[in-house]
Structures are given as structure tokens and as C-alpha cells.
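Enquirer: Attaching a single structure in C-alpha cells format; questions to follow.
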Amino acid sequence: MPSVPEVVRASPNVIVLPDSGPLITLAYAGALDVLMKPLWPVKIVDMVLDEVTRNATPTSELIRLWVQEQNISILKTRTCERYQEQQAQKKDSLGKRNLGELAIQEAMHDLALKDPETMGVFLFEDHKIARTTFLVPSNCRKVSTRSWLLFLEGKGIIPSATDIERRAITRGRQFSSIRFPPDT
């Protein structure tokens, strides 16, 4: 197993915030552990966890168990609280569309206000999020699953980004080809 370079280890003020897409893709690949490879804390927004575990899917139980076994911190949001209240009252005025992204934006903005020295790395696959209309505070970065895997490969933390992508695709995941940030 390759050692983790000190450049990555020496960044204690970074947290990883995955959206549902990266969780699903990495679960298909059997590679959820790559979220933790840089030794940065992983935190999952409550609404995202609800999205990926509320229905039985090929990955829902894998993700739920991984979160539980790894003792991943869950970030509570007002978005999810309001959604759950409406579900309990059998109302659907919020719907379900984009609630994970709204909750992640809420969590990132809370991070910017409460802990501006911490960098939030928001992992995503949705093309809508790559657009500039998805606002992130200055202490957060949005990074696609592919770019995350290439970052880990480039740092020598994983042997091959392509192998993980191939496993996900072979097992039935058709994930986004987006690379963000794009190569410069």
C-alpha cells in the first residue's frame, strides 16, 4: 500500500463533503474508502444520506453500512429537517428535487460562517453543479468524482483512477464524464 504523501497528510483543515453521485459511483466500484484516503474527515449532509438510503437500490445498503461502520459524521441541515417535518405531515410542498444540493449549499455556507479556516471539498457528478449558478463559499471547492480520483492517483494515494471508474461502469453505474475543475 503506498504511503500517503505529507503534502496531503499536513492539511488538517480540510473536510470532504460528497454529494449522492460520488457516493453511488464509489459504492458501485466497491471503493467508498477512497473518500478517506487523504486522511481528511469525511462528512455527509443529512439530506444526501437520506437521498441515497431512503429507497432500496443496488448501493443504498452498502452506503448506509459504510457510513455506520466508518462512523462518518452527519451534518444536520434545516433543509432536511423541514423535509422530514413535511413528510411526517404528509405534505410535499418541498418535493424531493435538488434538496441534497440545497442542503450541501447550506452546510458549506454554515462552514464558511462558523469555520472559515476549514476548506470544504464538495464532490459531485451533476452537470448542474459544475455551472457557476451553484454557489460555493470561498473556503469551499467543487470537485468532480473523476477529478478526485485523478487527484488521488496523482498523489500516489491510489494506483489507478481508471480501474475504479471501470469497476463502477462494469457493475452498472453510468456516471458523468465531467472533470471539474477542468484541466488547465
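Enquirer: In whole Hz, with x marking every Gly and Pro, tabulate ³J(HN,Hα) for segment 99-105 from phi via Karplus 6.51 cos²θ - 1.76 cosθ + 1.60, θ = phi - 60°.
Expert: For segment 99-105, the Karplus curve yields 5, x, 5, 4, 5, 5, 4 Hz.
Enquirer: Okay, next question. Arranged from highest to lowest average of other beta-carbon atoms within 10 Å per residue, in what order do the peptides 116-125, 18-27 appear? Don't jump to the answer; show the numbers that get you there.
Expert: Details: 116-125: 19.2, 18-27: 25.8.
Most protected by this proxy first, the peptides run 18-27, 116-125.
Enquirer: Would you pull out the residues with amide H under 5 Å of residue 122's amide H, same chain only if 5 or more places away, H placed 1.01 Å from N?
Expert: For residue 122, whose amide H was placed from the backbone, the distant partners under 5 Å are 17, 141, 142, 143.
Enquirer: How far apart, in nanometres, would the label points at residue 174 and residue 14 be if each is projected 7 angstrom from Cα along the Cα-to-Cβ direction?
Expert: Taking the simple label geometry, residue 174 and residue 14 are separated by 3.3 nm.
Enquirer: Charges only on Cβ, +1 for Lys and Arg, -1 for Asp and Glu: so what's the dipole of segment 6-170 about the Cα centre, in debye to the nearest 20? Spell out each step's value before the answer.
Expert: Values: 21 positive and 21 negative charges, 56 e Å.
Its charge dipole is roughly 260 debye.
Enquirer: Distance between the C-alpha centers of segment 135-169 and segment 32-108? Whole Å please.
Expert: 20
Enquirer: Ok, one more. Once the piece of chain linking residue 162 and residue 82 is laid out straight, how much longer is it, given 0.36 nm per residue of separation minus the C-alpha distance between them?
Expert: Details: separation 80, 0.36 × 80 = 28.80 nm, distance 3.94 nm.
Result for the pair: 24.9 nm of gain on full extension.
Enquirer: What does a probe at residue 109 reach in segment 135-159, counting residues whose amide N is under 15 Å from the point 7 Å along Cα→Cβ?
Expert: 135-140
No value in this document is a laboratory result; all are computed from the given coordinates. Only a predicted model underlies this, so the values are computations on that prediction, with no experimental measurement involved. Note that each Cβ is placed from the backbone with ideal geometry, even for glycine, and that neighbours are counted across all protein chains shown.
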